[in-house]
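One structure is given here, and the rest of the page talks about it.
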Amino acid sequence: MARLLSQSDVEKLISMKDIVEILDKTYRGMGEGTVVNPAKGTLDLGESGPYPPYHADINSMPAYVGWVDTAGIKWAGGWMDNPARGLPYVSAIIVLVNPRNGIFTGVMDGTLITNLRTGAQTAVALKYLFPERKSLSVGLFGAGVQGRTQTRAIAELFGIDELRVYDIFPEAAAQFAADMESVVTGKITVCTAPEQAAEGDAVITVTHAKDGFFRKEWFAPGSVLFPMGSYKECRDETLLSADAIVVDHVAQCLHRGALKDLAEAGRIGEKDITATLGELAAGKKTVTASSGSRILCIPIGTGAMDVAAAAVVLQRAEEQGIGGTFDFAV
């Protein structure tokens, strides 16, 4: 019997604080070898070609997570035309299965978990890259949903001394500043030019840009750059100027996102990856930010994070009797 959970059900059962803790445990499992996480598979629905004409793609993201002893898959995509239609950009569902017998145990909305865990990936990475710091300054490109979840997640682990935000839509940045005032302990500066936002201990890009807008000269010593978008936000020379590269999943990060073009051209490979977040969490490697270093961190997102979060949600739903049930075997 599988439990069915809507987005509103999921929202009642998990918080950003929970997600940060879940991701930390799951990264540790990746480093210790108790998580099985193949690279994403992608179905292109016209995101990068003329057919089908839907300006979308869907990712299949399977994983097994040992610490919750659960297997599952997230099926998630982005529809570029949806925001103009008043529809959400991300659409996702997560399916869980008992790994011992193949019985489906849960089916739930995955959009909220996707948004929360993407923000939490950055926060957990910063925990290991700035182990002695209690507060940070942040530069942020993109004032949408992901800009908000990035900010909320970082605020779970650090005080934010200053957040500098830039968006191509100034009204979005202004609304972001108003919405995040209670989350940010320091000041929020709305930037009128993109280079103004490229300042901070952590500089995060969460945009749909494909033009490589982030320049090498903006990547200052002492900062950690997080290109979180799925496309090409940073110029090649920006990425190549990094003193260290930290990723969540080596094979996946070399075939999609920020490093894809460089990897395909043979200019970056596995030997250039300094560490994975799993290795940092498990204590197998150490990468620490310093005033003279430029660190590139790419937690591109793995199914293991979604499966782990969904497993915790499912356990709580069963304990509290939330959601419906359905027997797929009948």
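Looking at segment 160-200 only, could you name the residues that are β-branched (Val, Ile, Thr) and open to solvent by 30 Å² or more (accessible area, probe 1.4 Å)?
If the condition is that a residue be β-branched (Val, Ile, Thr) and open to solvent by 30 Å² or more (accessible area, probe 1.4 Å), then ILE168, VAL183, THR185, ILE188, THR189, VAL190, THR192 are the ones that fit.
In this structure, does ALA84 turn out to be out of contact with any strand residue (DSSP E or B) (no Cβ under 8 Å at 6 or more places or on another chain), under 26 Å from SER8 (Cβ atoms) and either in the same structural domain as GLU11 (by the TED database) or without any contact (Cβ under 8 Å) to a residue 24 or more places away in the chain (or both)?
Details: out of contact with any strand residue (DSSP E or B) (no Cβ under 8 Å at 6 or more places or on another chain): yes; under 26 Å from SER8 (Cβ atoms): yes; either in the same structural domain as GLU11 (by the TED database) or without any contact (Cβ under 8 Å) to a residue 24 or more places away in the chain (or both): yes.
When the stated conditions are applied, ALA84 passes them.
Of the residues that make up segment 96-114, is at least one more than 24 Å from GLY324 (Cα to Cα) and of a type in the set (Val, Ile, Thr)?
No; the residues of segment 96-114 include none that is more than 24 Å from GLY324 (Cα to Cα) and of a type in the set (Val, Ile, Thr).
Please give the strands (runs of 3 or more DSSP E) falling wholly within segment 168-243 in which 2 or more residues are in contact with a His (Cβ under 9 Å, 6 or more places away or on another chain).
Numbers: elements: 187-190, 202-205, 224-227.
By residue number, no strands (runs of 3 or more DSSP E) qualify.
Those residues that are part of a helix (DSSP H, G or I) and of a type in the set (A, V, I, L, M), I need them from segment 12-37; list them, please.
Residues of segment 12-37 that are part of a helix (DSSP H, G or I), as a first pass: 12-13, 16-32.
Selection gives LEU13, MET16, ILE19, VAL20, ILE22, LEU23, MET30.
Look at segment 246-261 and say how many of its residues are crowded, with 24+ Cβ neighbours inside 10 Å and without any contact (Cβ under 8 Å) to a residue 40 or more places away in the chain.
1
For the structure I just gave you, tell me whether ARG148 is buried (at least 16 other Cβ atoms within 10 Å of the Cβ), at pLDDT 95 or above, in contact with a helix residue (DSSP H, G or I) (Cβ under 6 Å, 6 or more places away or on another chain) and of a type in the set (Lys, Arg). Outline the logic, then answer.
Numbers: buried (at least 16 other Cβ atoms within 10 Å of the Cβ): yes; at pLDDT 95 or above: yes; in contact with a helix residue (DSSP H, G or I) (Cβ under 6 Å, 6 or more places away or on another chain): no; of a type in the set (Lys, Arg): yes.
Judged against the criteria, ARG148 is not a match.
Out of the residues in segment 219-269 that are modelled with pLDDT of 95 or more and of a type in the set (Phe, Trp, Tyr), which is farthest from GLU32 (Cα to Cα)?
PHE219
Among the residues of segment 38-56, is there at least one that is under 28 Å from ALA281 (Cβ atoms), touching a residue at least 24 places away in the same chain (Cβ under 8 Å) and part of a strand (DSSP E or B)? It would help to see each step written out before you state the result.
Of segment 38-56, the ones under 28 Å from ALA281 (Cβ atoms) are 38-42.
With the extra rule that they be touching a residue at least 24 places away in the same chain (Cβ under 8 Å), the set shrinks to 38-40, 42.
Still in the list and also part of a strand (DSSP E or B): 42.
Yes, there is a match, as at least one residue in segment 38-56 is under 28 Å from ALA281 (Cβ atoms), touching a residue at least 24 places away in the same chain (Cβ under 8 Å) and part of a strand (DSSP E or B).
Every residue in segment 210-228 that is open to solvent by less than 20 Å² (accessible area, probe 1.4 Å) and without any contact (Cβ under 8 Å) to a residue 60 or more places away in the chain, please.
The answer is GLY212, and nothing else.
What about ALA153, is it of a type in the set (A, V, I, L, M, F, W, C) and assigned to a helix (DSSP H, G or I)?
Values: of a type in the set (A, V, I, L, M, F, W, C): yes; assigned to a helix (DSSP H, G or I): yes.
Taking the combined requirement at face value, the residue satisfies it.
In segment 265-281, how many residues are in a loop (DSSP other than H, G, I, E, B) and buried (at least 21 other Cβ atoms within 10 Å of the Cβ)? Give the derivation first.
Taking segment 265-281 first, the residues in a loop (DSSP other than H, G, I, E, B) are 265-269, 273-274.
Imposing the further condition that a residue be buried (at least 21 other Cβ atoms within 10 Å of the Cβ) reduces the set to 268.
Count: 1.
Could you tell me whether segment 286-304 includes any residue that is of a type outside the set (Phe, Trp, Tyr) and in a helix (DSSP H, G or I)?
The first filter runs over segment 286-304 and keeps only residues of a type outside the set (Phe, Trp, Tyr), leaving 286-304.
Pick out the ones that are also in a helix (DSSP H, G or I) and you get 303-304.
Yes, segment 286-304 has at least one match.
Being within 21 Å of the chain's Cα centre (by Cα) and basic (Lys, Arg) is true for just one of ARG267, ARG316, ARG256. Which residue is that? Give the derivation first.
Numbers: ARG267 fails: within 21 Å of the chain's Cα centre (by Cα); ARG316 fails: within 21 Å of the chain's Cα centre (by Cα).
Just one listed residue meets the conditions, ARG256.
When you scan segment 23-42, do you find a residue that is surrounded by 14 or more Cβ atoms within 10 Å (Cβ to Cβ) and among the acidic types (Asp, Glu), even just one? Steps first, please.
Keep residues of segment 23-42 that are surrounded by 14 or more Cβ atoms within 10 Å (Cβ to Cβ), which gives 23-32, 34-40, 42.
Narrowing further to those that are among the acidic types (Asp, Glu): 24, 32.
Looking through segment 23-42, at least one residue is surrounded by 14 or more Cβ atoms within 10 Å (Cβ to Cβ) and among the acidic types (Asp, Glu).
The values are calculated or read from the model by the stated rules, or taken from the named source; none is laboratory data. No experiment lies behind these values; they were computed from the predicted model shown. Don't worry about glycine lacking a Cβ; one is built from the backbone with ideal geometry, like all the others, and counts go over all protein chains shown. Note: areas computed on protein heavy atoms with side chains; ligands, DNA, RNA excluded. Shrake-Rupley method; radii C 1.70, N 1.55, O 1.52, S 1.80 Å.
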